[in-house]
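Notes to accompany the following structure.
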Amino acid sequence: MKQFPILICLLLLFSVGFSVGASKKDTQDTQVLIYKGESEHWSVISKVTIDGNTVEHIDVVKYKGNNNDSVGKIVYKLESIAGSSEGKVDLSTGRAGELGTIVDKGGGGNVELISKVTTVLANIEWNGKVERFELKKQ
């Protein structure tokens, strides 16, 4: 009868070990890729989260100048071998996380291609001006 509590303890230890092992496996399936780049007037950070077959993009486009109202509408596009994301936003009223910053979320894409991307090309147009630059994988 004294062996019964030991058996219960061993079973509990095994079940905790298996659940910890399963949660480690889940976190290993999630991959986060960060791409950063900047030009004279803009900085961009693109965060791509791959969780199994699900892909989520969060793009942050920030104007580096001081007069956000003078920028007006911008058109931005981020392109790679895995696809593209784009938007048209008035910088003073658009999807801004903070003044002069656009935060855009999206999803989808080919998981195999996305995990191979090392460079993303950014194209930003505003007030008749265009800047093109690369985002590098961090």
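Just a few scattered comments:
- Residue within segment 90-99 that is assigned to a strand (DSSP E or B) and touching a residue at least 12 places away in the same chain (Cβ under 8 Å) present: yes
- Residue list for segment 103-121, restricted to those being aliphatic (A, V, I, L, M) and out of contact with any Gly (no Cβ under 6 Å at 6 or more places or on another chain): Val111, Leu113, Ile114, Val117, Val120, Leu121
- Test result for Ile74, modelled with pLDDT of 95 or more, in a strand (DSSP E or B) and touching a strand residue (DSSP E or B) at 6+ places or on another chain (Cβ under 9 Å): no
- Filtering segment 26-79 to residues that are β-branched (Val, Ile, Thr), over 19 Å from the mean Cα position of the chain (by Cα) and closer than 21 Å to Glu134 by Cα leaves Ile74, Val75.
- Filtering segment 59-83 to residues that are exposed (fewer than 14 other Cβ atoms within 10 Å of the Cβ) and within 22 Å of Lys137 (Cβ to Cβ) leaves Lys64, Ile81.
- Total residues in segment 97-123, condition hydrophobic (A, V, I, L, M, F, W, C), open to solvent by 30 Å² or more (accessible area, probe 1.4 Å) and closer than 15 Å to Gln31 by Cβ: 2
The values are calculated or read from the model by the stated rules, or taken from the named source; none is laboratory data. No experiment lies behind these values; they were computed from the predicted model shown. Virtual Cβ from ideal backbone geometry, glycine too; neighbours counted across all protein chains shown. What goes into the accessible areas is simple: the full protein's heavy atoms, side chains included, and nothing from ligands, DNA or RNA. Shrake-Rupley method; radii C 1.70, N 1.55, O 1.52, S 1.80 Å.
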